[in-house]
Each structure stands twice: as structure tokens, then as C-alpha cells.
């Protein structure tokens, strides 16, 4: 599973599941690039929920263009 996160300077950071889980802190927000596979994100959510995390996931549109979106993951 390859996750493409959006970093603080809008750069794309690729991580696998283990690297991603090591960064989780309570009440964390993560933003994923639109090129991240939706199936990978659903698998990530299932794994996080089975590990005991509460997860809120949504698609964020930031423009009128159809391709102007990213994914937001809020881990509570």
C-alpha cells in the first residue's frame, strides 16, 4: 500500500502503512493527494479502525475544476 500524503509545503510524500502509523498522534489530520488509490485509502481506514482508531474520511474540493480535490483523514 503506497500512500501519497501532502506535506506542509504542498510536496508529495510517499509512505507505506508502517511509516504512516508511526506518525499518528491523537486528533491528527492528514491530507492525501488525489492520485492516492481510493482502494488503498479504504484499506487504510479498515486497518486503522481494527487497530482501535476512530477515523473520519472525506473528499475535499478546493476549486471548480473536477480534478481540484484531495482526501482528508481525521484520526480521533
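Values in this text are rule-based calculations from the coordinates and carry no lab data. On a predicted model such as this, the values are computed, not experimentally measured, just so you know. Because the Cβ atoms are built from the backbone with ideal geometry, glycine has one as well, and the counts that use them run over all protein chains shown.
Quick notes on this structure:
- Difference of contour (0.36 nm per residue) and Cα-Cα distance, residue 1 to residue 28: 7.7 nm
- Centroid-to-centroid, using Cα positions, the stretch 12-34 and the stretch 44-73 are 11 Å apart.
- Note on the chain: helix-only mean residue ellipticity at 222 nm, from DSSP H runs of 4+ residues weighted -39500 (n - 2.57) and normalised by residue number, equals -7000 deg cm²/dmol.
- Comparing the chain with the 2.2 N^0.38 Å rule of thumb, its C-alpha radius of gyration ratio is 1.06 (two decimals).
- In degrees, nearest ten, helix 38-50 long axis to first principal axis of the chain (Cα): 30 degrees
- Ascending count of other beta-carbon atoms within 10 Å, so fewest first, for 60, 21: 60, 21
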